[in-house]
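Right, one structure below, let's go through it.
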Amino acid sequence: GQTWMYNVAYDNGGLAQANKFAQSYTAYSTNSQLYNAIEVFKQVLKIEPKITYTYNWFLLGKGYEKLERYSDAVDAYLQQLKIAPKDERTLLHLGNSYYNLTRYDDALEAYRQIVKINDENNEVWFKIGVTCDALERHNDAIGAWRQVLKITPDDPYAWANLAHSYMALTRNSDAIDA
């Protein structure tokens with residue numbers, strides 16, 4: 001199977017070739033193909049668990065995330081962050097996995113780490129707004145929606161969510177103005 005093919009790639013082309021092979025498996029969409037991809041990444045990580053120039057832990061996490069195995073995805077993303085602690089992509093997927101586990105405080109922490117690195121990330125501010133609303137921290141959500149609108153003033157979803165957050169606080173006149 002794929003593990004044997006990975007080993008062949010490793011033997012014939014070294015680690016770089018094997019990683020290229022392994023990365024090609026992230027495009028698969030069926031569950032059986034994803035399970036195979038996960039096994040390949042586990043094999044990669046047994047051989048070189050602390051590879052600093054690749055994203056194997058991240059790719060493993062994405063496979064778990066596609067299978068809705070969010071706890072496993074969190075574990076993989078946390079391993080990747082040990083290698084690249086400020087990687088926005090890994091932090092974003094970590095936050096998304098926490099969110100899907102309804103671990104909203106953890107999701108919020110991951111998203112906030114991203115805006116410490118890049119406060120112009122519209123997608124992350126949006127996720128902060130959604131997460132704050134899920135936590136019923138509507139004032140914080142309003143701040144996040146304002147950040148989204150500062151970056152993209154014509155975002156209709158941000159305007160709608162801003163109005164929703166105001167309504168949740170029974171600030172109906174502000175909701176109408178939004």
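The values are calculated or read from the model by the stated rules, or taken from the named source; none is laboratory data. Given the structure is predicted, the values throughout are model-derived calculations rather than measurements. No Cβ is skipped: glycine too gets one built from the backbone with ideal geometry, and neighbour counts run over all protein chains shown. Note: accessible area is taken over every heavy atom of the protein model, side chains too, but ligands, DNA and RNA are not part of it. Shrake-Rupley method; radii C 1.70, N 1.55, O 1.52, S 1.80 Å.
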Original post:
If you take the residues in the range 107-120 that are open to solvent by 70 Å² or more (accessible area, probe 1.4 Å) and not in a helix (DSSP H, G or I), which one is farthest from Pro85 (Cα to Cα)?
Top reply: Glu120
Subject >> Those residues of the range 86-106 which are surrounded by fewer than 17 Cβ atoms within 10 Å (Cβ to Cβ) and either among the aromatic types (Phe, Trp, Tyr) or within 16 Å of Trp125 (Cα to Cα) (or both), in sequence order >> reply: Glu88, Arg89, Asp105
Subject >> Filter result (modelled with pLDDT of 95 or more and not in a helix (DSSP H, G or I)) within the range 121-135 >> reply: Leu135
Subject >> the range 70-85: number of residues that are closer than 13 Å to Phe41 by Cβ and open to solvent by 60 Å² or more (accessible area, probe 1.4 Å) >> reply: 2
Subject >> Given (1) of a type outside the set (A, V, I, L, M); (2) open to solvent by 50 Å² or more (accessible area, probe 1.4 Å); (3) modelled with pLDDT of 95 or more, index of the condition Asp154 fails >> reply: (3)
